[in-house]
There are 2 protein chains.
Amino acid sequence: MKIILIGAGKLGKQLYRAIVLSNDLEIIQWVNRSSKKTKTSEGVPIVEEIGDIKNIELYLLAVSDESIGTISNSLPKEAFVVHSAGGISLSEIIQKRAGVFYPLQSFSKDRNIDFSKTPVCVESKIKTDLDILKNLAKSIKSSVFDMNSKQREQLHLAAVIVNNFTNHLFLEAAEICKKNSLSFELLKPIIKETFEKLETLSPKDAQTGPALRRDKKTINKHLKLIESPDLRSIYKVFTLAIQKKNEK
Amino acid sequence: MKIILIGAGKLGKQLYRAIVLSNDLEIIQWVNRSSKKTKTSEGVPIVEEIGDIKNIELYLLAVSDESIGTISNSLPKEAFVVHSAGGISLSEIIQKRAGVFYPLQSFSKDRNIDFSKTPVCVESKIKTDLDILKNLAKSIKSSVFDMNSKQREQLHLAAVIVNNFTNHLFLEAAEICKKNSLSFELLKPIIKETFEKLETLSPKDAQTGPALRRDKKTINKHLKLIESPDLRSIYKVFTLAIQKKNEK
């Protein structure tokens, strides 16, 4: 399968890496505006602008949500154009052969992702194109899930909740540790257990703590201990939400 | 070291298990009000009431926060009495020989905890008792950290944040999946990565997503997708908090 990969941000770099490691795939060109080289160390030609790319079947976009429409507009009408964004509908791609290839993962700078452990959500306007996307996923060793734009948008929301919001909780906890001369390392075992519990318990059955047991004394003590108004809001919102879930 | 263990809740059961597995420790009696047996399968005598226990040096309390004061009051004045609560001050124990032995972990029903991967926070009124608590921790293979009640209370708050609140986010995400006929399994790789990232990135550097990049379009779309008012509050509070942390 011959691919032109457009984009070299956090996701683009990881997709590049996964594709060049695959035996079945070939990147013909890579659109990477921030590169000063004309080809990668694997010999893939680098171009700066969309206007410089060849006419080829599969264009894989790893670009910002806002750019998807514009880039799709500038590509050949007969091409198969595929975006990789969780929160963007298939209909943003103007080509008849439109697709989505969304790896459900958190991509950070300088951290390589193992695609064999990353589910990829696929969707296509034309039914037969779905097999191409499934093969693409298989070639980078990912498991593949077929879903519509509505489901994918909800899944993207869920991913923001479990990744960005959880990570923010870690940041708040790290700041509490720092202020009190405690190592954040102390919290890593309980964080690990929070995740590992999911293997045997549902999140509902795994819940514990002062909010669940309506321990007002501890809740009030915690609210007094908290210095940051934002963290106090978070504490209150969670305490109420945990209690309400338990009523149901 | 001879111990009377008081309490057979989630923490009490795990402490019982860790202590009987240790070669250096011996449980003389176990106060377990919910047991119908008079001894455990390991031959440890079970008693129902505090009044039935022997006079011995070390009493280890794994009881609810509210009971610590009352139980301490009913124990011999010369004894060494140790509670295991994160959020309770050392001063709740009336004995001169007061101690705290707080395993920083999330204890769930029917889930065995590996104490070799659980840090234990210790504190004592009399300096020489600290070594006893450190030895107790070593005997169950835990790493041990010496801290005062103020630090421990803050650490307990941080533990509630990273465990209870994170778990609530998982519950919200699981409900989104269920409503949209998606498997929660899809989210497990990104949840795992959220945690594993901490090994190489600080929570601040690990942050990504629509809130951080002030992507109003996605944020508004998510707020529209959310059906539950509680989840909407959580989403708004986090979006603001993530943005504020990034301003600093």
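Details
- Only a single item in (1) among the charged types (D, E, K, R); (2) open to solvent by less than 10 Å² (accessible area, probe 1.4 Å); (3) at the interface with another protein chain (Cβ under 7 Å from one of its Cβ atoms) is not met by B:LYS192, and it is number (2).
- Taking region B:1-71 and the strands (runs of 3 or more DSSP E) fully enclosed by it, the elements with 2 or more residues that are free of Cβ contacts under 8 Å to residues at least 40 places away in the same chain are at B:26-31.
- Qualifying residues in region A:104-144 (those that are open to solvent by 80 Å² or more (accessible area, probe 1.4 Å) and within 14 Å of chain B (Cβ to nearest Cβ)) - the one nearest to A:THR166 (Cα to Cα): A:LYS109
- Condition met for B:LEU223 (touching a strand residue (DSSP E or B) at 6+ places or on another chain (Cβ under 9 Å), open to solvent by less than 70 Å² (accessible area, probe 1.4 Å) and among the aliphatic types (A, V, I, L, M)): no
- Exactly one residue out of B:PHE184, B:PHE170 is open to solvent by less than 10 Å² (accessible area, probe 1.4 Å) and either at the interface with chain A (Cβ under 7 Å from one of its Cβ atoms) or out of contact with any strand residue (DSSP E or B) (no Cβ under 8 Å at 6 or more places or on another chain) (or both), and it is B:PHE170.
- In region B:87-103, the residues that are within 12 Å of chain A (Cβ to nearest Cβ) and buried (at least 22 other Cβ atoms within 10 Å of the Cβ): B:GLY87, B:ILE88, B:TYR102, B:PRO103
- A:THR208 falls short of the stated requirement of being β-branched (Val, Ile, Thr) and modelled with pLDDT of 95 or more.
- Residue selected from region B:26-43 under the condition surrounded by 19 or more Cβ atoms within 10 Å (Cβ to Cβ) and among the aliphatic types (A, V, I, L, M), by the criterion nearest to B:ASN73 (Cα to Cα): B:VAL31
- When region A:147-167 is filtered for residues that are open to solvent by 20 Å² or more (accessible area, probe 1.4 Å), facing chain B (nearest Cβ under 7 Å) and touching a residue at least 40 places away in the same chain (Cβ under 8 Å), only A:GLU153 remains.
- Of the residues in region B:227-248, at least one is more than 8 Å from chain A (Cβ to nearest Cβ), modelled with pLDDT of 95 or more, surrounded by 21 or more Cβ atoms within 10 Å (Cβ to Cβ) and more than 23 Å from A:PHE145 (Cα to Cα).
- Residues in region A:44-66 that are crowded, with 17+ Cβ neighbours inside 10 Å and under 26 Å from the mean Cα position of the chain (by Cα): A:VAL44, A:ILE46, A:VAL47, A:ILE50, A:LEU58, A:TYR59, A:LEU60, A:LEU61, A:ALA62, A:VAL63, A:ASP65.
A quick yes/no check of all residues on (1) under 20 Å from the mean Cα position of the chain (by Cα); (2) at positive phi:
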{"residue": "B:THR70", "(1), (2)": "no, no"}
{"residue": "B:SER74", "(1), (2)": "no, no"}
{"residue": "B:LYS77", "(1), (2)": "no, no"}
{"residue": "B:ILE88", "(1), (2)": "yes, no"}
{"residue": "B:LYS96", "(1), (2)": "no, no"}
{"residue": "B:VAL100", "(1), (2)": "yes, no"}
{"residue": "B:LEU104", "(1), (2)": "yes, no"}
{"residue": "B:ASP110", "(1), (2)": "yes, yes"}
{"residue": "B:ASP114", "(1), (2)": "yes, no"}
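- Checked across region B:83-91, the condition of being in a loop (DSSP other than H, G, I, E, B) and farther than 28 Å from A:ASP205 by Cβ holds for at least one residue.
- Residues of region A:195-207 that turn out to be closer than 26 Å to B:TYR235 by Cβ and either under 26 Å from the mean Cα position of the chain (by Cα) or surrounded by 22 or more Cβ atoms within 10 Å (Cβ to Cβ) (or both), as a count: 9
- Any hit, region A:208-219, residues being on the phi < 0 side of the Ramachandran plot, crowded, with 22+ Cβ neighbours inside 10 Å and assigned to a loop (DSSP other than H, G, I, E, B): yes
The values are calculated or read from the model by the stated rules, or taken from the named source; none is laboratory data. Here the structure is a predicted model, which is why all the values come from computation and not from measurement. Positions of Cβ are generated from backbone atoms using ideal geometry, with glycine treated the same way; all protein chains shown enter the neighbour counts. To get the accessible areas, we keep the full protein, side chains included, count just its heavy atoms, and leave off ligands, DNA and RNA. Shrake-Rupley method; radii C 1.70, N 1.55, O 1.52, S 1.80 Å.
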